[in-house]
Amino acid sequence: MSDAYLRIVDVEVPEEDAPAMGKKVIDRFRKLGLITGKLNKKCVLGEGGGYVPGPAITKYKVYRHDITKFFPPQKGYEFFDHRWNGAEPIVGGHYNSYAFPEAWAGATCSKCNKPISNRDDEFFYAICDAVQKWQEEECRGPVACPLCKKKTDITKWQCRTPLGIGNLSFSFWNWTEFDSPDWSIDIPAIVAEVTGTRSN
Ligand SMILES: [Zn+2]
């Protein structure tokens, strides 16, 4: 069984507000019963630790087999085939790496509105550099448009798949894609509602 995560990135929350905002989102998840317990490092592969899924997950998500017997979480937190199943809040510059570079399909310049092909290697590497720069250098990563030559920050490029780059993110280890019909709850919408900002 491979291990993967979904990531929601808040692309607008300022750096100084990210820790408090992260706590607010976690509090909401806990209230909804989506997560439970204390922050622990056994349920995620990330460094900061995460929260195991809560008992209400069976209310919001259709399962093909009965997992209720695994609540409260048992030793090793093994349920629905995975050991790593936590929700992991991450404060600090991050981006949704499942969307980039793996799902890179080009981008549109916000200055000239023209699409840049995903076959433009030079541009692709410029985007890679900008993402790295953004993480290392105070959340700034300008990228020049190959067509109009104007520089726009990496966060302003309309990328396909949307590149979420921001100061607060949440990784959900081995959770089902949020747009799956199995969910009766919209988790990205909850994050957006709590933070009041835009997420990717
Ligand atoms: Zn342009």
Task: Heavy atoms of Tyr51 accessible to a 1.4 Å probe, total area in Å² rounded to 10 - done: 30
Open item on the list: Counting only other residues whose beta carbon sits under 14 Å from that of Lys38, what net charge do I get with K and R as +1, D and E as -1?
Closed with: +2
TODO: Apply 1/(1 + (r/R0)^6) to the Cβ-Cβ distance of Gln135 and Glu16, taking R0 = 25 Å, and write down the FRET efficiency to the nearest 0.05.
DONE: 0.90
Open item on the list: Considering only protein heavy atoms and a probe of 1.4 Å, how much of the accessible area of region 100-159 is carbon and sulfur, as a whole percent?
Closed with: 45
Task: Ser171, Ser184, Ser110, reordered so the largest accessible area comes first (probe 1.4 Å) - done: Ser184, Ser110, Ser171
TODO: Please list, in chain and number order, the residues 5+ apart from Ile116 or on another chain whose amide H is under 5 Å from its amide H, with Hs placed from the backbone.
DONE: Ala107, Thr108, Cys109
Open item on the list: Run the reach check for Lys156 against lysines, Cα to Cα strictly under 25 Å, same-chain hits fewer than 8 apart removed. What comes back?
Closed with: Lys111, Lys114, Lys133
Task: Extension gain, Lys42 back to Arg160 (0.36 nm per residue minus Cα-Cα distance, nm) - done: 39.1 nm
Task: Separation in nanometres of the label points that stand 7 Å from Cα toward Cβ, at Cys148 and Lys59 - done: 4.9
Task: Per-residue HN-Hα couplings for region 169-177 [Karplus 6.51, -1.76, 1.60; θ = phi - 60°; Hz; x = Gly/Pro] - done: 9, 9, 9, 10, 6, 6, 7, 5, 2
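The values are calculated or read from the model by the stated rules, or taken from the named source; none is laboratory data. Being a predicted model, the structure only gives us computed values, none of them experimental. Neighbour counts run over all protein chains shown; Cβ positions are idealised from the backbone, glycine included. With ligands, DNA and RNA removed, areas are computed over all heavy atoms of the protein, side chains included. Shrake-Rupley method; radii C 1.70, N 1.55, O 1.52, S 1.80 Å.
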